[in-house]
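Okay, structure first, notes after.
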Amino acid sequence: MQIDIISDVVCPWCYVAKRQLEHALAQRPGLQVQIRWFPYQLHPEAPAEGYPYRETIERKYGRQMIEMMFGRITAAGAAVGLELHLDRIARGANTLDAHRLIEWARAEDREDAMVEALFRAYFRDGRDVGDRATLAAIAGEVGLDGAAIAARLTGSEGRAEVLERIRYSRDQGVTGVPFFVFDGKLSLSGAQGEETFLQVLDRVAAERDTGAYCTPDGCL
């Protein structure tokens, strides 16, 4: 089964949803799955050097609202076994380079490990995932050549491809993340619960095995 995930590494709900999907897949050990990650930028307007995170979002939403949002996200993460520390984030990031890094990791069969490392770096450790030196260090931590990645990041390699993938997703009607596509047929938007993922996995698996057409009411 092919599962495509459109995501941004500075989206906390994308991290939560990743773990929810993983928990669902653990309950279907016989299911053969290939996961592909596709880029999206929640803040494409962010400067390359990033921006003061807390100050910027408090100015937009207000301190009280941010405290409520952080509490909700932290609790949702804890419910699926994630340790999130949004208070450690000093700088918001432009994620274009991070998405370039994920693309390169795919070629080394380290795509999922890279996505996980970037999420963890930002939401648990408060590292700046828009900073190229930090990205190169994270690449080294998941088994890539950090020095080679640092050199590649100074150029434009992969930039046009990432931007084209983002444009394609928007052209297909994706306006928010996370967004999941199962076998190119069924899609889910948002951080769905584990049970919802299980229902979709079972429907898609049934359709693949029987050639049936599945609807929310059953398979025909």
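The values are calculated or read from the model by the stated rules, or taken from the named source; none is laboratory data. These numbers come from a predicted model, not from an experiment. All Cβ positions, glycine included, derive from the backbone under ideal geometry; neighbour counts span all protein chains shown.
What to note about this one:
- Looking across the range 126-177, the residues that are touching an Asp or Glu at 6+ places or on another chain (Cβ under 7 Å) and of a type in the set (A, V, I, L, M, F, W, C) come down to 135, 144, 153, 162, 177.
- Residue check for residue 66: within 30 Å of residue 151 (Cα to Cα) and of a type in the set (A, V, I, L, M, F, W, C): no
- Filter result for residue 145 (modelled with pLDDT of 95 or more, over 16 Å from the mean Cα position of the chain (by Cα) and closer than 23 Å to residue 19 by Cα): no
- Filtering the range 128-149 to residues that are out of contact with any Leu (no Cβ under 8 Å at 6 or more places or on another chain), assigned to a helix (DSSP H, G or I), of a type in the set (A, V, I, L, M) and closer than 13 Å to residue 104 by Cα leaves only 148.
Condition check ((1) hydrophobic (A, V, I, L, M, F, W, C); (2) buried (at least 22 other Cβ atoms within 10 Å of the Cβ); (3) touching a Pro at 6+ places or on another chain (Cβ under 6 Å)) across all residues:
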site: 85; (1), (2), (3): no, no, no
site: 92; (1), (2), (3): no, yes, no
site: 101; (1), (2), (3): yes, yes, no
site: 109; (1), (2), (3): no, no, no
site: 115; (1), (2), (3): yes, yes, no
site: 122; (1), (2), (3): no, yes, no
site: 125; (1), (2), (3): no, no, no
site: 134; (1), (2), (3): no, no, no
site: 140; (1), (2), (3): no, no, no
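- Filtered residues of the range 24-34 (kept if of a type outside the set (Gly, Ala, Ser) and part of a helix (DSSP H, G or I)): 25
- Where helices (runs of 4 or more DSSP H) sit wholly within the range 35-127, those with at least 2 residues that are free of Cβ contacts under 8 Å to residues at least 60 places away in the same chain and within 22 Å of residue 163 (Cβ to Cβ) occupy 96-107.
- Residues in the range 129-150 that are in contact with a Gly (Cβ under 6 Å, 6 or more places away or on another chain) and in contact (Cβ under 8 Å) with a residue 40 or more places away in the chain: 130 alone.
- Hey, residue 41 surrounded by 15 or more Cβ atoms within 10 Å (Cβ to Cβ) and either within 16 Å of the chain's Cα centre (by Cα) or β-branched (Val, Ile, Thr) (or both) or not: yes
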